[in-house]
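What follows is a set of notes on a single structure, which appears directly below.
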C-alpha cells in the first residue's frame, strides 16, 4: 500500500513537472526521473502483493530494465532535440554542448542520423 501510494505520488510529480517546467529539456528530466521511480515503486508493490517467486523475478527484471533504459533513452532524446535546434530556456545558465559542437559538426550529425 505504501509503495503504490509513493509510486502514484511520484507519477503525479512527473505530471505536474510537465506543466510547470519551462522548456523541453527540464520537462524531460523531471518526467524520466520521477516517472521511473514511480513505476518502480508501483511494480515493487505488485511484487509484494503477489509474493510469488516467478512474479517477483519478472517484476524485478522489468524494474531493472526500466532503470537501465530510461536514462539512456532520455539522453538520446535530449541530444536529438539539441541537434534539432530545440531552444533552451532563456533562463538557462550554461550550454555545455555549444562550445563542443560547431555548426558543421551539427549538420554532419544530422545528415548521419537521416
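The values are calculated or read from the model by the stated rules, or taken from the named source; none is laboratory data. These figures come from a predicted structure and were not determined experimentally. Ideal geometry is used to build each Cβ from the backbone, glycine not excepted, and the neighbour counts take in all protein chains shown.
Quick notes on this one:
- Sole exception among (1) assigned to a helix (DSSP H, G or I); (2) surrounded by fewer than 18 Cβ atoms within 10 Å (Cβ to Cβ); (3) in contact (Cβ under 8 Å) with a residue 24 or more places away in the chain for residue 36, by number: (2)
- Among residues of the stretch 1-10, those that are surrounded by fewer than 18 Cβ atoms within 10 Å (Cβ to Cβ) and within 30 Å of residue 86 (Cα to Cα), counted: 1
- Residue 19 fulfils the conditions (1) surrounded by fewer than 19 Cβ atoms within 10 Å (Cβ to Cβ); (2) in a helix (DSSP H, G or I); (3) in contact (Cβ under 8 Å) with a residue 12 or more places away in the chain except for a single criterion, (3).
- Selection count where residues are assigned to a helix (DSSP H, G or I), surrounded by 11 or more Cβ atoms within 10 Å (Cβ to Cβ) and at pLDDT 75 or above, scope the stretch 74-114: 9
- Test: residue 25 is surrounded by 14 or more Cβ atoms within 10 Å (Cβ to Cβ) and touching a residue at least 60 places away in the same chain (Cβ under 8 Å): yes
- Within the stretch 63-76, residues that are over 14 Å from residue 35 (Cβ atoms) have Cβ atoms under 9 Å from residues that are outside any helix (DSSP H, G or I) in no pair, counting only partners at least 6 apart in sequence or on another chain.
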